[in-house]
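Shown next, in structure tokens, is the structure this report addresses.
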Amino acid sequence: MSEDEKFAWLSGPMAIPLGNTRKPEGAVGSAAFYPAIPRLGLPALQQADASLGVSNLGNVRPGDHATGLPSSLLLGATFNPELAFASGSVVGVEARSKGFNVQLAGGANLIRDPRGGRNFEYIAEDPLLTGVLAGQSVAGIQAQQVVSTVKHFAVNAQETGRVMASSNLSEAALRESDLLAFQIAIETGAPGAVMPGYNLVNGEYACENAFLLNQVLKQEWGYPGWVMSDWGATHSTVKAALAGLDVQSGANLDDADYFGNLLRQAVRDATVPQARIDDMVTRIVRSLIAVGVLDKPVASPVPIDYSQHKLVAQRQAEEGVVLLRNAGGQLPLAQGLRRLLVIGAHADHGVLCGGGSSAVTPIGSLSLPGTDIMGMQVDKIYQPSSIVQALREESGAQQVDFLDGTDPALAVAHARIADAVILCAQEWRSEALDAHGLGLPDEQDALIERVAAANANTIVVLQTGGPVLMPWLEKVAAVLAAWYPGSGGGPAIAGVLFGRVNPSGRLPVTFPASESQLPRPEQTDPRTTTSNPGTPRIGEILPIDYDIEGADVGYRWYAREKFTPLFPFGFGLSYTDFRVSDASVVKGPGFTVTAQVENTGAVAGACTVQVYVGKTGTDGFAKRLAGFKKVFLKPGERAQAEILLEPRILARFDDGAFKIGAGDYQVWVANHAQDEALEVGLQVGEALSL
Ligand code: BGC
């Protein structure tokens, strides 16, 4: 590559019209474009968002649509690596068919705050579940010979002040939590690129953080791919280049063209060696080769089988909807009810989807005003999968009525004469926008209370970007957490309500009983800081102390503090019963837990066996998910589950390495993070260095 060719790949603007930026010639139109180098057989890099389908930011490709996969949190709730791969494949096929060869997917941040605005783009509060599923999703995308990123490296846990926030966390805790999630995701999926986020980590911007990029990622983990900044997240030339950043993305949002002329100048001044430039482009070309982009160049447009993809989205949703309450076994509802009433959340039109760069707009989406990100209007999108229509098809009810919920008195009047009420509650979250508090917005709690008082058979279907409080919980018959369920969301929800689908989702995040249980109950006022790149900075760097919980994120924190949450991590009900018994730990190479699982109920279903490990003593820890397995069983069927534990979960990071300490461990084979009914011991005779 000539120097001009190299530099053309090291810095680029967004490939959509924004302010003074135009869509470059040859660009499909998306987050980024880097020109082809035909004489070397190198294709243009066409980069699109994100994990939940191919987004069409700012409608840059007028009328282009895509399949909307369920939110990553829903994927987390499936506890099913195969579904992660399958949904990644859908994204990969559609990306390729639209002319993209790099997908900005693989959200692998840990959910450290249940109010985080982008939690719907992340999988879980747990590093093992996050790492395995994010890695499988990346592998699914890359199996289509489209490069995927993992992002946002690392500890990008809140949106308020995301370009000003410094995630402060001591090294051992970082290694045992957020970095471990990325490490497992990278080992599992071998992503072609890594995207550091907007935030700072321990006082250094992630995109110029030599510890994160050079030391951990590239040297210790031997990561061979390229590191691209988040859009408008680069802050320097020499510092960033020497810290391990390879590409400045979304350069039009930065204060300067750091990896353009300034980087050329730095090479001339010998403050950045030529070898570093060569390394940057070598990493890009290497990943293109490794993922097969050069073997099978994208040729677009190719017709897409949207119907089939919608079915993949539906199957995923069917495994990720979590049944949280089913008082008196009200669900599944009986076929052929006289009158079914559906209220709220535009359920006659579709299902809610999270906002921002990852939002996907399938054909026929309903777009309502949302928020403003970097001068772009970000809509609140309802993907066209009507819950009402699906209920009409699935329920056999004589009458299915819909009310939008804006008139509580009308809702109550109709609820009184209905056989059952499906109350759809919603909470929209978006990139750049954390939830304020954990309550449902827009007085939906009051509506639920009133409707539940009018009809004892009120079922709440939650579509949220994460946990919410449920002051009305005891008063309703049943609750489903449907997250943002994607293009097949309507039939998935209807299928669970009427029993075609036996719910098998398990919570990938703890639902707190109150905000006072959180490590940081207070929230920063978004007006006092800056949450978007490319906009004037308000205030100072915002330090966030993650050492409060350290590596004890989510359920680990609840175990440590002995808090009882509203619903624990891993929890979810089924229409059948399972008996898990005869658990033991087999030491072999590594540690394997075996247990018998039996479906003792009347319908087929899936049991997610979860193995948690705890240890007392100075090198101890409260409780950690060390392995899991989803087992599908017919009524009366038994199976042996074998679960190989992830050794780093049993270890502490100490003096540069993971070490499993000698001593006694507690091992729980459990239904959720607070279930300690089935315990087996594990003794480790001699300390092990990993
Ligand atoms: C987001 C990234 C995204 C990029 C490109 C940024 O605002 O943080 O996740 O990939 O935009 O659209």
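The values are calculated or read from the model by the stated rules, or taken from the named source; none is laboratory data. Computed from a predicted structure; not experimentally measured. FYI the Cβ positions are ideal-geometry reconstructions off the backbone, even for glycines, and counts take in every protein chain you see. Just the protein is used for accessible areas: all its heavy atoms, side chains included, with ligands, DNA and RNA removed. Shrake-Rupley method; radii C 1.70, N 1.55, O 1.52, S 1.80 Å.
Put simply, the amide H of Leu42, placed in the peptide plane, has neighbours under 5 Å in Ile37, leaving out anything fewer than 5 places away on its chain. Considering only Gly590, Ala651, Thr576, the residue lying farthest towards the positive end of the dipole of the stretch 513-652 is Gly590, judged by Cα position with unit charges set on Cβ. Using the alpha carbons alone, the radius of gyration of the stretch 318-412 stands to its Kirkwood radius in an Rg to Rh ratio of 1.05.
Roll a 1.4 Å probe over the protein chains and send me the accessible area per residue for the stretch 420-535 in Å².
Working: 3220 Å² over 116 residues.
Dividing the accessible area of the stretch 420-535 by its residue count gives 28 Å².
Over the stretch 170-294, Cα pairs under 8 Å with separation of 6+ residues give a relative contact order of 23 percent.
Solvent-accessible surface of the stretch 114-187, taken per residue with a 1.4 Å probe and all protein chains present: 12 Å². Taking Cα atoms only, the orientation of helix 127-142 departs from the longest principal axis of the chain by about 70 degrees. Compared with the dominant principal axis of the Cα atoms in the chain, helix 178-189 is inclined by about 80°. Cα centroids of the stretch 263-332 and the stretch 13-74: 12 Å apart.
The order of the peptides 274-283, 389-398 by mean Cβ neighbours within 10 Å, most packed first, is 389-398, 274-283.
Compactness of the stretch 65-175, taken as the C-alpha radius of gyration over 2.2 N^0.38 Å, stands at 1.09. Calculated mean residue ellipticity, 222 nm, the chain: -6500 deg cm²/dmol, from DSSP H runs (n ≥ 4) at -39500 (n - 2.57) each, averaged per residue and rounded to 500.
Relative contact order for the chain: 15 percent, from Cα pairs under 8 Å spaced at least 6 residues apart, divided by residue count. Solvent exposure of the stretch 595-649 amounts to 38 Å² per residue of accessible area, where only protein heavy atoms count and the probe is 1.4 Å.
For the stretch 56-112, what Kirkwood radius comes out of the mean inverse Cα-Cα distance, in Å? Kirkwood radius, the stretch 56-112: 12.9 Å.
In angstrom, the C-alpha Rg and Dmax of the stretch 192-336 are 22.6, 78. Using θ = phi - 60° in the Karplus curve 6.51 cos²θ - 1.76 cosθ + 1.60, the 3J(HN,Hα) couplings for the stretch 623-635 round to 6, 9, 6, 10, x, 7, 8, 8, 10, 9, 9, 6, x Hz; x is entered for Gly and Pro.
Note on exposure: Ile343, Ile289 ranked by accessible area (1.4 Å probe, complete protein assembly) read Ile289, Ile343, with the most exposed listed first. As a size descriptor, the averaged projected area of the C-alpha convex hull of the stretch 404-535 was calculated at 10.4 nm².
Once you order the gyration tensor axes a ≥ b ≥ c over the Cα atoms, which shape class does the stretch 480-571 get: rounded for a/c under 1.5, otherwise prolate or oblate by comparing a/b with b/c?
oblate
Per-residue 3J(HN,Hα) values for the stretch 680-690, derived from phi via the Karplus relation 6.51 cos²θ - 1.76 cosθ + 1.60 with θ = phi - 60°, read 10, x, 9, 10, 10, x, 10, 4, 10, 9, 9 Hz in sequence order (x marks Gly and Pro). For Ser55, the residues whose amide H sits under 5 Å from its own are Asp49, Ala50, ignoring neighbours fewer than 5 places away on the same chain, with H placed 1.01 Å from N.
Note on the stretch 430-508: Cα-only Rg and Dmax are 13.6, 39 Å. Just so you know, the Cα atoms of the stretch 568-638 work out to an Rg and Dmax of 14.4, 47 Å. Shape of the stretch 500-539 from the C-alpha gyration tensor: oblate (a/c of 1.5 or more and a/b not above b/c, with a ≥ b ≥ c the square roots of its eigenvalues).
Calculate the translational D of the stretch 518-576 in whole µm² s⁻¹ from Stokes-Einstein, where the hydrodynamic radius comes from the Kirkwood formula applied to all Cα pairs, the temperature is 20 °C and the viscosity 1.002 mPa s. My calculation gives 145 µm²/s for D.
Surface composition of the stretch 179-310: carbon plus sulfur atoms hold 54% of the accessible area, using a 1.4 angstrom probe and ignoring ligands, DNA and RNA.
Please state the shape class of the stretch 590-690: rounded when a/c is under 1.5, otherwise prolate if a/b exceeds b/c and oblate if not, all from the C-alpha gyration tensor. Cα axes put the stretch 590-690 in the prolate bin. Relative to the longest principal axis of the Cα atoms of the chain, the long axis of helix 306-320 makes an angle of roughly 60 degrees. When you work out D = kT/(6 pi eta Rh) for the stretch 492-638 at 20 °C and 1.002 mPa s, using the Kirkwood radius from C-alpha pairs as Rh and the Stokes-Einstein form, the result is 113 µm²/s. In this simple spin-label approximation, Asp547 and Arg22 carry label points 7 Å from Cα along the Cα→Cβ vector, and these lie 5.2 nm apart.
Sorting the Cα pairs of the stretch 167-261 by distance into bins of 10 Å, from 0 upward, gives 17, 50, 28, 4 percent per bin. The phi torsions of the stretch 654-662, fed into the Karplus equation with coefficients 6.51, -1.76 and 1.60 and a -60° offset, translate into couplings of 8, 6, x, 8, 7, 10, 8, x, 6 Hz, rounded to whole numbers, with Gly and Pro shown as x. From the largest down, the stretch 368-430 spans 48, 28, 13 angstrom on the principal axes of its Cα atoms.
Close amide-amide hydrogen proximity is noted between Val631 and Cys607, Thr608, Val609, each under 5 Å apart and 5 or more residues distant or on a separate chain (H modeled in the peptide plane; Pro and chain starts excluded). Summary of packing: across the peptides 634-646, 356-368, 50-62, the per-residue average of other C-beta atoms within 10 Å ranks them, highest first, as 50-62, 356-368, 634-646. What is the distance in Å between the Cα centroid of the stretch 535-600 and that of the stretch 395-435? So the separation of the two Cα centres works out to 32 Å.
Computed on the stretch 221-298, with alpha-carbon pairs under 8 angstrom and 6+ residues apart, the relative contact order is 32 percent.
Placing +1 on the Cβ of every Lys and Arg and -1 on the Cβ of every Asp and Glu, with nothing else charged, gives the chain a dipole about its Cα centre of roughly 1100 debye.
Percent of Cα pairs in the stretch 1-125 per distance bin of 5 Å, from zero to the largest separation: 2, 10, 18, 18, 17, 15, 11, 6, 3, 1.
When the scattering of the stretch 263-387 is computed by the Debye formula from its Cα atoms alone, each counted once and equally, what is log10 I(q)/I(0) at q = 0.14, 0.19 Å⁻¹? Once normalised to I(0) and log-transformed, intensities are -0.97, -1.20.
Each DSSP beta bridge with both residues in the chain is either parallel or antiparallel, and the antiparallel ones are about 65%. Percent of C-alpha pairs per 20 Å bin in the chain, short distances first: 19, 53, 26, 2.
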